[in-house]
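Trainee: This is the structure I have questions about; it appears just below.
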Amino acid sequence: MDANAQQLQPFDDVPDTTSSTPVAAIEGTKPNQPLLPPANKSQDKWQQIGEQVSQVLADLPDNIGKVFNQYRQLIITLVLIASAIVTGRVFLAILDAINDIPLLYPIFELIGISYTTWFVFRYLLTKATRQELVAQIQSIKNDILGTQDS
């Protein structure tokens, strides 16, 4: 037991690292700088960082509003382009799923060919029916744009 008690006693030749004065490593050289700053400075720095972060988070809604107001047209354009791309991809996926159903693809193809044939015979063969088609297109265009052409 005496051997264990001797090992637990502090050594007299170990320098005291808790003091605020640096200890010289070798006689005649500059003293060593402390490796870590004092605890109160570290806490002050972390406190400043915490205040800055909380200030940025508090100002975040205002900053987002300013950016949106400044770049409103660009943001709306980008959202519309992205939504058009997503809509196109979904539409193509639905068409691909429909094409995988047996007999549905040939039926839709037949319906498309039949409608195209009817449209050509109805509107495109004679001059009078072509003028009727142009008048209908102009009427729809005026309804959408809200203008009246004579």
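The values are calculated or read from the model by the stated rules, or taken from the named source; none is laboratory data. Everything quoted here is computed from the prediction, not taken from an experiment. All Cβ positions, glycine included, derive from the backbone under ideal geometry; neighbour counts span all protein chains shown. Ligands, DNA and RNA are stripped out before the accessible areas are found, and what is left, the full protein with its side chains, is counted by its heavy atoms. Shrake-Rupley method; radii C 1.70, N 1.55, O 1.52, S 1.80 Å.
Trainee: Starting from region 58-75, keep only residues that are of a type in the set (Phe, Trp, Tyr), then list their pairs with residues that are surrounded by 10 or more Cβ atoms within 10 Å (Cβ to Cβ) whose Cβ atoms are within a distance under 9 Å, requiring at least 6 positions of separation or different chains.
Mentor: 68/75
Trainee: Among the helices (runs of 4 or more DSSP H) confined wholly to region 35-124, which include 2 or more residues that are open to solvent by 70 Å² or more (accessible area, probe 1.4 Å), at pLDDT 90 or above and in the same structural domain as residue 136 (by the TED database)?
Mentor: Numbers: elements: 39-70, 72-99, 104-119.
By residue number, 104-119.
Trainee: Right, something else. Out of region 48-98, which residues are among the hydroxyl-bearing types (Ser, Thr, Tyr), closer than 30 Å to residue 108 by Cα and under 16 Å from the mean Cα position of the chain (by Cα)?
Mentor: Answer for region 48-98, where residues must be among the hydroxyl-bearing types (Ser, Thr, Tyr), closer than 30 Å to residue 108 by Cα and under 16 Å from the mean Cα position of the chain (by Cα): just 83.
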